[in-house]
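Note sheet for the following structure.
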Amino acid sequence: MMSTDFPQRLLLVLFVALSVTVTSFENTARSEEAATTHGKQQVEFFEKEVRTILEKNCHACHSGAEPKGGLRLDWRGGLLEGGDSGPAVALDEPKTSLLLEAVNYESYEMPPRGKLPQASIDVLAKWVEMGLPWTPGPDRPPAVAAEHGPPQVNDETRNHWSYRPIARPDAPEVEHKNWVKTPIDAFLLARLQQQKLRPNDRASKIALVRRAFYDLTGLPPQPADVQSFLDDESPDAWENLIDRLLASPHYGEHWARHWLDLVRYAETNSYERDGPKPFVWRYRDYVIRSLNDDKPYDQFVREQLAGDELDEPSPESIIATGYYRLGIWDDEPVDRLQAEFDDLDDIVKTTGEVFLGMTIGCARCHDHKLDPIPQHDYYSMLAFFRNIRPYGIRAHDTVLDASVRMVGPEEKLRQYRDELATWKRDLADTERQLGDIERAFRRTLKGGEVDDFKHENARVDLARKRVPEVLTQEQFDRYVSLTERRNRLRRGEPEGLMQALCVKERGSHSPPTHVLIRGNAGAPGDQVDPAFPQVLGFEPPTMPPSVEGAASSGRRRVLADWIASKQNPLTARVIANRLWQFHFGRGLVRTANDFGLQGDRPTHPELLDWLASELMAGEWRLKRMHKLIMMSAAYQMSSQANESAYAIDPQNDLFWRFDMRRLTAEEVRDSILAVNGSLNREKMFGESIYTKIPREVLAGQSRPGAGWGLSSPEDRARRSIYIHVKRSLVPPLLAAFDLPETDFTCPVRFVSTQPTQSLTMLNSELVNEQAKVFADYLKEHAAGDPRAQVALALRRVTQRAPLEADIDRGVDLIERLKQQHGASDDVALQQFCLMALNLNEFIYLD
């Protein structure tokens, strides 16, 4: 029988459930109401100060469908509803909030890996006191797929900071306006003042001149350059220096290296043979020339992605499409179709990361696990490239056919084709007549003569021995004449126009593109059309109609126009962030190739959008942006330490100082050649050079020494950007100083500190040879005066006037080497030069 008190117990259960529901509803309602009633400045405080703390320290455990302890900190209502221990924040008594107890290690200890810096704790306390201001958004927690599934394309993910349209913000009002030289400074100073920080003082003029020369040209200033800047007391001295360096041809050589890192530039194919890519160096030269000419970035993008499909293609734009041929290539794959899609995947990944900051490649086999990029979107992007011919089939001739073409004016191309056809016809006719005579005597060959005949240069002697028994004198004379004619023709092939490594398509009709199940080329699924990532909210593009006889489909032009459009929310932000990174050592977004949900948020989102807007407003000109950044007070700050600032912002996220940096691998080598006076600055462009590589290093290849020559001393003294980039063989000095791997895009170089760097700088054949060159330079310019030689060496290495104590130590070293170790004058001076090239002041800026 049913218990008589059942109705009462049922009412009690319903009452409790209703109370919990009402409480939850009230908390949610209060959350929504508060989120909409907080002022703009309070919401900005949350975005600028609080969100990053939560994302970096809390979201890993307290977000998603199954947060630890039932507590979600990725939604305002989650803090108010709380978890197993109750609400995390008490709005009525904020100081008693569990959140503050936990971060202060008073009850719980959160985050468990270590207590937050006091500055971050103070930010959270201030935020709680303000009533938890939060950026207005959907009236519910962020959508989370069941079982931690991939992020979905919805209003929540479309609202991610980098997917929103770029809106130009106004520079904030700040105190101490006298420090502000450009709007950049106002954005930075506003954040510094919120944390009660002040920016460092201006760096010394010597530090600034070194910084400017290395940032813009990758080379140290000459002593005369330094002295000229020090002597110039005019208010325009700094600006004039920047203008001069931006006009230098060495600017393009240096900044091209940044771009080549991004597009995984190399001059060989990798794998066992690691064969050379024909004429690939023209792409490197294209990048240098484009940067020196200050080509608008949107044009730079279009030329690389669709230079052959532009309205008026040029030799330069054709060369630019060598971008598609820079990746690795397997010339004997197990599965040729799968290998073709591997190559297309390389293009999709590189294009997504370099131009858009999107890790699209992660969606090749399944929906992206971290970003709202369905697998369907990956193949819709791949469809833009589906018609590209593979780099080659196997032999070198197939690469020439699929990836190399003549470039030049059409009338010259027609003339060359006519001359080439005539040349081929004459050569074939000559070889046919030679063959007729050879058949007449070849059957009489005996013994070793059969092998000798395989060598063309032995055949005339073999024919002479058959006169008059087999050949008449007239036939022999004719054979000699034909042989000479054949050799002349071979040497005299019509001089063609430039040949360039470039993209080619199969024609105007692109094959269908299918979603490949698990990325397997043998398991096609749904057919897809070219389209842009859905999360960015663009309408499906219209493809150009197929035109019979056309060389390409025109699809890449559609993609290029979209990427280079001002309406694209990513392109300008990505390149503006890279410019900032290469000047300041790291980007406003540290994950420079990943602007997705799991990438780092910008430390200064308004500044990034201002820079992106300014870039587009300035017709996408990069030199203008360099100058704007370098004219800021922020760029001119010193790198001096500040203990109180370190305590608040140890990673310098707020840019209270300028970060010290070590020279890159190329800068180290080029600087050694520059300070000893041997750098070949004049010779630019052209085929790559081969430096000396020790036999022990060459022996480490599968085919020792294969594919590596030795250039003339004049060429070996050229800048490092012209060194042949062989994927399986890297010059030791460059390898020691973190030259990036070339198989993938490299957005940020590692900067390691390891024993091999010091060992290389002290013991390598290259550095010791250059130390001897340096010593010879000193003997020539300061003959017979050790003190003057030491002073000149230190001035060239450090770009400053050496102190008397520095000179004393140098002279003392030379004397001790001679007296205690029996070194000759020449050897002692050479060892001093080696020491000078190992100074920290030479390797590090500031």
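Summary of values
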{"item": "In degrees, nearest ten, helix 118-129 long axis to first principal axis of the chain (Cα)", "result": "50 degrees"}
{"item": "Carbon plus sulfur fraction of accessible area for the stretch 515-567, probe 1.4 Å, in percent", "result": "49 percent"}
{"item": "Between 0 and 90°, nearest 10: helix 473-491 axis offset from the chain longest Cα axis", "result": "20 degrees"}
{"item": "LEU579 - accessible surface, heavy atoms, 1.4 Å probe, Å² rounded to 10", "result": "10 Å²"}
{"item": "Structure-based [θ]222 nm, the chain - -39500 (n - 2.57) summed over DSSP H runs of at least 4, per residue, nearest 500", "result": "-14500 deg cm²/dmol"}
{"item": "Quarter of the Cα convex hull surface for the stretch 658-807, i.e. its orientation-mean projected area (nm²)", "result": "11.4 nm²"}
{"item": "Which label in (i) 1.06; (ii) 1.04; (iii) 0.99 gives the computed Rg/Rh (Cα atoms, Kirkwood Rh)", "result": "(i)"}
{"item": "Sorted peptide list for 706-715, 446-455, 230-239, 680-689, criterion being average Cβ within 10 angstrom, highest first", "result": "680-689, 706-715, 230-239, 446-455"}
{"item": "Partner lysines for LYS412 [C-alpha distance under 29 Å; skip if fewer than 8 residues away on the same chain]", "result": "LYS277, LYS295, LYS424, LYS504, LYS683"}
{"item": "Separation of the LYS454 and GLU239 label points, Cα + 7 Å toward Cβ, nm", "result": "7.4 nm"}
{"item": "Probe 1.4 Å, accessible area per residue of the chain, Å²", "result": "47 Å²"}
{"item": "Efficiency of FRET between LYS115 and THR135 - r from beta-carbon atoms, R0 30 angstrom, step 0.05", "result": "0.65"}
{"item": "Förster-model FRET efficiency, 25 Å R0, LYS177 and LYS566, C-beta, rounded to 0.05", "result": "0.20"}
{"item": "Over the stretch 761-846, relative contact order from alpha-carbon pairs under 8 Å, at least 6 apart, %", "result": "36 percent"}
{"item": "Computed over the stretch 165-318, Cα set: Rg, Dmax in Å", "result": "21.0, 63"}
{"item": "Quotient of Cα Rg and 2.2 N^0.38 Å for the stretch 563-721, N being how many residues it contains", "result": "1.39"}
{"item": "Spin-label model distance (nm) - TYR108 vs SER712, 7 Å beyond Cα toward Cβ", "result": "7.3 nm"}
{"item": "Residues of type aspartates and glutamates that LYS566 reaches as a straight line, Cα spacing below 12 Å, ignoring anything fewer than 8 places off in the same chain", "result": "ASP298, GLU614, GLU619"}
{"item": "Cα Rg, Dmax, the stretch 480-564, angstrom units", "result": "22.5, 74"}
{"item": "log10 of Debye I(q)/I(0), alpha-carbon scatterers only, for the stretch 539-645 at 0.18, 0.19, 0.23 Å⁻¹", "result": "-0.95, -1.02, -1.26"}
{"item": "Straight-distance crosslink candidates among lysines, where the alpha carbon sits under 30 Å from LYS126 and sequence neighbours closer than 8 are dropped", "result": "LYS40, LYS48, LYS56, LYS68, LYS95, LYS115, LYS177, LYS196"}
{"item": "Extension gain, GLU539 back to GLN754 (0.36 nm per residue minus Cα-Cα distance, nm)", "result": "72.3 nm"}
{"item": "Computed FRET value (nearest 0.05) for ASP122 with LYS68, which takes r as the C-beta separation and R₀ as 25 Å", "result": "0.50"}
{"item": "Crossing angle, helix 336-356 versus the chain [Cα axis fit, 0-90 degrees, rounded to tens]", "result": "60 degrees"}
{"item": "Label-to-label distance, nm, for residues given as ASP84 and ASP311 (7 Å Cα→Cβ offset)", "result": "6.7 nm"}
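The values are calculated or read from the model by the stated rules, or taken from the named source; none is laboratory data. From a predicted model like this one, the values you see are computed outputs, not experimental measurements. Note that each Cβ is placed from the backbone with ideal geometry, even for glycine, and that neighbours are counted across all protein chains shown. Keep in mind that these areas ignore ligands, DNA and RNA; they rest on the heavy atoms of the full protein, side chains included. Shrake-Rupley method; radii C 1.70, N 1.55, O 1.52, S 1.80 Å.
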